Amino acid sequence: MNFLALDFETTGLDSAIGRVVEIGAIRFSLGSEGFIEEAALACLVDPGMPIPRQASAIHGISDGDVAGAPAFGEAARTLLALAAGATIVAHNARFDLSFLDAELGRLGLTRPESKVEDTVLLSRRAFPGRASYRLGAIAGALGIDTGSAHRALDDARTCMLLYAACARQLA
């Protein structure tokens, strides 16, 4: 079975008005020895609007960082190819999928049907009673290296590792 760990950094919290500024995606499978990373996408995206200071304060991505970066539409083909036939795995999946759907909608595209696994919900089932289920908190509690928090590829990789830990715990 194939999976796509997905994370976006954005200009804000509302996908109706906000835009993606960074894509992190890792296509992987799970085997008896753990996960097998098959392909990855790490891409800054020009949102076509200024990045609010409060968003930059969280992810560290500025207008200068995305100057000259491709628009979402240029990265969408690669992202959709990675997602083809895969279960999408995201931490607080509703957030990331709302941005994916909004960005694709602006291009006149729709997200292909796929199963979705939310690692917030899975980690609550697999590791009940934790003080926090924020990605960094639950990953840290489980000894998972988070890399640079609030950077899309590192958060996608953390999500992939958390998913694998949940799968082992719930098996």
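The values are calculated or read from the model by the stated rules, or taken from the named source; none is laboratory data. Only a predicted model underlies this, so the values are computations on that prediction, with no experimental measurement involved. FYI the Cβ positions are ideal-geometry reconstructions off the backbone, even for glycines, and counts take in every protein chain you see.
Among the residues making up region 105-123, those that are in a helix (DSSP H, G or I) and more than 28 Å from THR146 (Cβ to Cβ) are GLY105, ARG106. Identify the single condition in (1) surrounded by 21 or more Cβ atoms within 10 Å (Cβ to Cβ); (2) more than 18 Å from ALA152 (Cα to Cα) that PRO112 does not satisfy, given that it satisfies every other one. Every listed condition holds for PRO112 apart from (1). In this structure, does LEU153 turn out to be closer than 22 Å to GLY34 by Cβ, part of a helix (DSSP H, G or I) and free of Cβ contacts under 8 Å to residues at least 24 places away in the same chain? No: the conditions fail for LEU153.
For region 115-147, a residue qualifies if it is in contact (Cβ under 8 Å) with a residue 40 or more places away in the chain and surrounded by fewer than 14 Cβ atoms within 10 Å (Cβ to Cβ), and exactly one does: ARG125. Just one of (1) among the hydrophobic types (A, V, I, L, M, F, W, C); (2) over 20 Å from ALA93 (Cα atoms); (3) out of contact with any Lys or Arg (no Cβ under 9 Å at 6 or more places or on another chain) fails for ALA76. It is (2). Within region 82-98, if we keep just the residues that are buried (at least 16 other Cβ atoms within 10 Å of the Cβ) and small (Gly, Ala, Ser), the residue that is nearest to ALA39 (Cα to Cα) turns out to be ALA83. Scanning region 9-41 for residues that are among the aromatic types (Phe, Trp, Tyr) and modelled with pLDDT under 95 yields a total of 1. Any residue that is among the acidic types (Asp, Glu), at pLDDT 95 or above, surrounded by 12 or more Cβ atoms within 10 Å (Cβ to Cβ) and within 25 Å of PHE28 (Cα to Cα) - is there at least one of those in region 52-73? No - not one qualifying residue is present in region 52-73.
Before we move on, is SER148 modelled with pLDDT of 95 or more and either in a helix (DSSP H, G or I) or within 18 Å of ALA5 (Cβ to Cβ) (or both)?
No.
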